[in-house]
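Below you'll find the structure, written out as structure tokens, and then a few comments.
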Amino acid sequence: MNGTGYGTLRTKFRGVKKELLDRQTSMLIQSMTVDELYLEVLYEILHNVGGCDVGCEVGQLAMLSYIQEAFKIANDKHTELLTQAEAKEPPELMLNVEVVEAKDLVPKDPNGLSDPFVTIYLMSNPTHRYNTSVKSGTLNPSWEEHFSLPMPGSVQEDSLVLEVWDFDPAETVKEKMTKIFEVKGVKGLRKLMKEIAITASTGKHDNELIGTSNIPLKSIPAGGMTMWFSLSKKSKLKRQGVVKVRLNFSSEKNSQVAAQEHRHLLRIILLHELENSKVAPYWWCGSYSAAGEAILTQHAAQSGLSAADNCLAQWAVYCAVTADHPLSFALFNTLLDKISKPLQSGLVNEEDVKLFWDGARKLLPTCYSHIRKLRKKTAGDKTVMKTLREVLKILYKLSTLDVPESLDLFPTNLYGWLRDDKGKLTIHMVLEQAVIQGASDWFVHILDNNECKDNTEDTRLQHLIRVIQLVRSDLQRAVEYYDRVFVEVMSFPYSKILYGLYESKIASLVESEVIDVCKSLKRLRYSEGSTTTLAGGLNGETGLGSSSVGAEPLTMGTTLFELYLTLQRFLTLGQGLNETDWQSYAISKFHSWFFGGVAQWLDIAAYKALTRIEKAVDLDHLVPVDTNVKYSSSGVDTLAIFYQIKIFWQQLAWPDVEGCYTFVAKIIDDICRCCVFYSDKMAGRVDNVGHVSNVFEERFEVTTEWCVAINNIDYVRQSLTPFVQELGMDEIIQKMCEARSPMEAQRCKETLQNVIANAIDTVRNKIVDLLEVMVKKMMPSITRFLIEGAELLHQDCSSMDRVMRYLEANLDTLFQHLNNENFSRTLDIVWEQLGEVLYELIQANLEKEKLATRIRLFRRRYFGKNKVSPNFIMFRKRRPPSFFSNLHECLKIMIRSFRQDNKETYTSETLKRVEYLLKLHGMETRELIHQFHLERWQEQQTIQEPKMGMLTVRAQFIEDNLKIEIMNARNLTPADSNGLCDSYVRVALLPEDSFVNVQKPKTQTHNKNLFPLYDEMFLIPLTPEQRRLPDGLIHLVIKDKDMFSVSNTFVGEAYLHFSELPDTNAPISSLPQQLLPLSRPTSIDGEAIKALETRQGDKQAREFIKKQRAKFPSTKQFFSLG
């Protein structure tokens, strides 16, 4: 806005229509030659504008020399054109002044403020002044008003003067008095009083000067400047404020012609600078030499080009040149920052907009080419990263601008790699295609430079692994270095786009190959004609034998698994890049390609595990690995081998839950079989350890090797359950519950638990088997020492020492080196096998005719087929009761020796039975007879349905007297041919030798009656000793009286134990009736009767057996009439 003042500069109206002016301009631009441009530049150099810029420092001669070299003009031509330039009149230039704002002005009004305005003029023409508008009541006014002042002939000597005034309006005294309330401070009041006095006396109201600033024109550079200038006043030392002014020179040259000239000049100087500087591609960032900069600045100033015009010219020229001479991308970003705002605000005319986008169309191929060829750069290099950021900034800034509808920004001839997409392409769309094309080119490059050397399956798999690794490396570089830049600048998911392309190409490349290889895989088989496979274990086999597995299946399976892991890592990368939609990738189902190969990998893992276990056992010295543990190196190695399988399973990370269940079940089964295999190998390792022989004897001694072997197996067994848990069984079941149904998941869980439980039981049984083998090796010595001790028990006080020392030495070794559980098992097995030995001895004594057979079986079981114990003569003769009594005593001594805390030292039912049999066979005949009766009494307790009738009695002890009432009998078995019975009851006390002088009362005979009523009472006096017998019995025998027979017929018998009778003085009638079932001996299966039968030389035993045989049922049958 031009201010008003003493003089106003008016622009003359030329009266030419715009259309005509545009045509004239176009014709002028087209007819312009290099000579004319050169002449124009010479003219501008001769008439330099500005006094403090680089043009003054360089000097006129230097600029003339530079421009001649840049235009490549001959000396003669240069002299001619220079003469023409010197003959031309100086240019008519204008000084453009923009008064922007002022700050911190000194207050001139009583209210502490001012009403400032600015006056500007040239020192050479002080009468031609320009004023800004007045800004009321402020010390920090803002004007932003423009003025154009004609330049004088001598720029070097003239100055621009800026005066800031406080406007004082014409007011009367009365009007000034009204401002009394606006006064600020004493100083303000003094000012107001002074103004009132002046107005009252003279009536004047002059403006008051705030401050001035003098700007020499020679200090203004040709390119213009914007600066704050201090205001001063002659009478004041203190600064009166600051004013901001923007200054530049201009001419009245046609703007389009001037812009065209400037672009032409800029191109010539730029190419000259690039040629002379030999700068590397993409490094030139807009820095000209001093002469070049001075010439360009003078041309822009004398042509009247604005900063926007200058930037637009640079943009057009730089974009055109960079295709052949790559310039720094930062240069284009700087220009875009200056041009974008005018473009977005619509301040640029249509021709300039077209010029801008023409430049952009030339620049964009270079930008996209840089992105496509990004892999040729060093990833992570600071310069590379900076350049990429600048390129993306260019694309981003261009994408924010509106592209003219008529402009084809991506012509086919420049973008042959673009896909034919319907619709108009945007910068973002082309960026995506550039990234994809660059990745496609790189993938082809990888395939071309990594060809498969031969056509074997293993080589092809190795080739695929190499390709995927190279692709993954490219993606990792993208994630690590480039992705952040693309996202920050363009919000473009660079790595995600790359991954989408790569995964589809890898899927199509790998899938068919993997499926074919899995189909062609051979199951692992033993060589040498064996058909045993390793699938699911070794089919129960516990040794690898001499056969071996070929190397080819192992190598092929290993390579295939390596490819699986490579694809797995590749997919993991994709999951991180696309967390929400990664399942849409073709490679997301890659595991299904390998389904047929997993069984092969598991077979290989099992085979290698068995091989390593076998080697670990062979190398094991059976010495604890540490003083704090009781297992050796092979136990630790076996567990490490299992954890290698676990690591394999974790690496496999099979995503399909059903396949996961199938495979983990097989792994558990294989691990269990490996445990069994290890147990058998460990048992074989110690089989020949511990045998001691000399001229006197051959015996087995428990060694630490045996204990360590047992501990090793137990250590592996205990590790099974936590190992299976670490396989993730619970997670698998949970996923199956989600995928299927809770019922199916529970069924699968129970199946796996059963497999584990069975495996643990199997290994535990292996431990028991090994303990049994160890104890069986101990048995010959124990048996021999025990029998010798029984024969010499009361003759030699040390007869038991040998067996005790032997047992203590071996059991002490076991106690020191086995854990409590296995030590307890060992004791149980010792007692069990000892019981079997003693039982065989007892049975051999019972069955004379089977003695030789039992001896052979015994020898095979405990001494081996080819060994004969020197003491077997001991088994070939019958033993007296004293032998069994002594043997029982020896056994009790052993049991007491190993009894701890009054606890039973064994749980063997066999040994308990043997102890009972030894007790029986060690009894005297009378004791055996009474034992027989006690067994009959115990048998009577078990009768539920008596078949021979019932006997009703009452009985009691009255002090040392036995009182018994025989009441009746019911449903007796007929003993006569008439179907009836003539019965009576005989009462006897047992054992007979303890009641020799005691009467044996009997009832009256009741003829022809199966339901007799006896109703008889007997009082039998006893001694105190007889009364207190612990196992005293009342023997009640019912017989049938036979008139013509020598002896009466046995009908049935019953027993009453002394412990069943009350000790009371109460009337017997008040006591409850006791119903006793009648019975008779049916066979000689009782242990007591068997023991009696062995005593053929004992008359008492023979008579007793004869008497009992008479009670056996006869073949005669009678039928009851009732």
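Readers should treat all values here as calculations from the given coordinates under stated rules, not as data from a laboratory. The structure presented is a predicted model; accordingly, all values stated were derived computationally and were not measured. Every residue, glycine among them, receives a Cβ derived from its backbone with ideal geometry; neighbour counts consider all protein chains shown.
Quick notes on this structure:
- Each of the peptides 621-628, 734-741, 716-723, 596-603 was scored by the mean count of other Cβ atoms within 10 Å over its residues; in descending order, highest first, they stand as 596-603, 716-723, 734-741, 621-628.
- Peptide packing for 329-342, 1095-1108 was compared via the average number of neighbouring C-beta atoms within 10 Å per residue; ordered from the highest value, the list is 329-342, 1095-1108.
- Distance between the modelled labels on residue 225 and residue 589, one decimal in nanometres: 7.5 nm (7 Å Cα→Cβ projection).
- Judged by the mean number of other Cβ atoms found within 10 Å, the most tightly packed of the peptides 372-380, 667-675, 707-715 leads the ranking 707-715, 667-675, 372-380.
- Other residues with beta-carbon under 12 Å from the beta-carbon of residue 781 carry, at +1 per Lys or Arg and -1 per Asp or Glu, a net charge of +2.
- Alpha-carbon centroid distance for the pair segment 485-506 / segment 294-324, whole angstrom: 38
- Centre-to-centre separation between the Cα atoms of segment 407-462 and those of segment 759-774: 66 Å.
- Fully extended contour minus Cα-Cα distance, from residue 278 to residue 83, at 0.36 nm per residue: 66.8 nm
- Charging the Cβ of each Asp and Glu at -1 and of each Lys and Arg at +1, and nothing else, the dipole of segment 926-1110 about its Cα centre rounds to 460 debye.
- Members of 338/377; 1039/1111; 615/681 lying beyond 22 Å, as alpha-carbon distances in this model show: 338/377
- Filtered trypsin sites (Lys or Arg not before Pro), segment 70-168: DSSP coil and at most 16 other beta carbons within 10 Å: 72, 88
- Other residues with beta-carbon under 15 Å from the beta-carbon of residue 373 carry, at +1 per Lys or Arg and -1 per Asp or Glu, a net charge of +2.
- Calculated FRET efficiency, residue 184 to residue 161, Cβ-Cβ distance, R0 = 25 Å: about 0.20 to the nearest 0.05.
- Distance (nanometres) between label positions extended 7 Å along Cα→Cβ at residue 1103 and residue 484: 11.5
- Net charge over other residues, Cβ less than 9 angstrom from the Cβ of residue 489 (K, R count +1; D, E count -1): +1
- Placing dummy labels 7 Å off each Cα toward the beta-carbon, the span from residue 1057 to residue 761 is 3.8 nm.
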